[in-house]
Amino acid sequence: MFYDNFSSDYDRFVSWPGRLALEMPFLTSRLREIGANSVLDAACGTGMHTIALAHAGFQAAGADLSAGMIARARKNAQAAGVEIPFKVEGLGELAAAFGAASFDALFCLGNSLPHLLTPQLLSAALADFSLALKPGGLVVIQNRNFEAVMAKRQRWMEPQSAYEGQTEWLFQRFYDFESDGLLTFNVITLRREGQGNWVQSVRSTQLRPLLRCELQAAFQEAGFESISCYGDLTGSAFNPDSSGNLVAVARKPSG
């Protein structure tokens, strides 16, 4: 599985201190606006947002389909000195795993929803989100801005690098645009010790590009209301031509 194999490198690939400093003010302010206490981080990866939520005083839980990511999340939580329930569960299985109406808010960050490759799977996931939330609960989705990706055929993303002692990593991401409308998401990892030879590996998985109109319609079909869209997790306005992300915030009805 793509993310099981990537779990050992993921925290090198993401610059967490900078990312959390940028994103957590927006996320925590949305939670405090509704008086939220309990939060489920769906598709939590290595759990870094979940841990930051716990440090901010929220009752946080995490889930991910990748057992490798959850194993890493548990180690990260232990190192951070927090106890968080992490479960190996996919989107569409959350209410059954944690209980219906268990959370005041649910986050699905890091371009996770596009891993659902059919409209039916998307609808099932959003229905599951609603079931896991208490009445009036908040959901926050962060996807890539696929309006720009698809319109401009934006194949390549910025490379990332990491260093630990004498070991260096380079990560290069790119898309293949498939004839059926899906994308193949590729990550090339280059690693070397000191000035030795580079060793390379390639990991790939499929994505279905979600456009704003489809995501908004799917939210409405699942019964969510007060749907707002932003261009990133600082709350900037969404621009389909230039925003890096599509962030959608919605509420489950109160009654």
All-but-one check, Arg212 against (1) open to solvent by 60 Å² or more (accessible area, probe 1.4 Å); (2) farther than 26 Å from Arg30 by Cα, failing number (2)
For the range 29-73, enumerate the residues that are surrounded by fewer than 22 Cβ atoms within 10 Å (Cβ to Cβ), closer than 20 Å to His115 by Cα and out of contact with any helix residue (DSSP H, G or I) (no Cβ under 7 Å at 6 or more places or on another chain).
Leu65
Would a scan of the range 36-45 turn up a residue that is closer than 25 Å to Ser226 by Cα, among the charged types (D, E, K, R) and touching a strand residue (DSSP E or B) at 6+ places or on another chain (Cβ under 6 Å)?
yes
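Of all residues being small (Gly, Ala, Ser) and part of a loop (DSSP other than H, G, I, E, B) in the range 221-249, which is nearest to Ala21 (Cα to Cα)? Just the residue, please.
Top of the filtered list is Gly235.
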Within the range 15-28, how many residues turn out to be in contact with a helix residue (DSSP H, G or I) (Cβ under 9 Å, 6 or more places away or on another chain) and without any contact (Cβ under 8 Å) to a residue 60 or more places away in the chain?
5
State yes or no: is Phe98 over 23 Å from Gly244 (Cβ atoms), out of contact with any Phe, Trp or Tyr (no Cβ under 6 Å at 6 or more places or on another chain), at pLDDT 95 or above and surrounded by 22 or more Cβ atoms within 10 Å (Cβ to Cβ)?
no
I'm trying to understand the selection: among the residues of the range 197-220, which are assigned to a helix (DSSP H, G or I) and without any contact (Cβ under 8 Å) to a residue 12 or more places away in the chain?
Cys213, Ala217, Gln220
Of the conditions (1) farther than 24 Å from Met1 by Cβ; (2) without any contact (Cβ under 8 Å) to a residue 60 or more places away in the chain; (3) touching a strand residue (DSSP E or B) at 6+ places or on another chain (Cβ under 7 Å), Leu94 fails just one. Which one is it?
(1)
Please give the strands (runs of 3 or more DSSP E) falling wholly within the range 129-196 in which 1 or more residues are β-branched (Val, Ile, Thr) and under 21 Å from the mean Cα position of the chain (by Cα).
133-144, 183-193
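Among the residues of the range 99-115, is there at least one that is of a type in the set (S, T, N, Q), touching a residue at least 60 places away in the same chain (Cβ under 8 Å) and more than 26 Å from Leu215 (Cβ to Cβ)?
No: zero hits.
The values are calculated or read from the model by the stated rules, or taken from the named source; none is laboratory data. The shown structure was predicted, so the numbers you read here are calculated from the model rather than taken from an experiment. In this analysis, Cβ positions are derived from the backbone assuming ideal geometry, glycine residues included, and neighbour counts consider all displayed protein chains. With ligands, DNA and RNA removed, areas are computed over all heavy atoms of the protein, side chains included. Shrake-Rupley method; radii C 1.70, N 1.55, O 1.52, S 1.80 Å.
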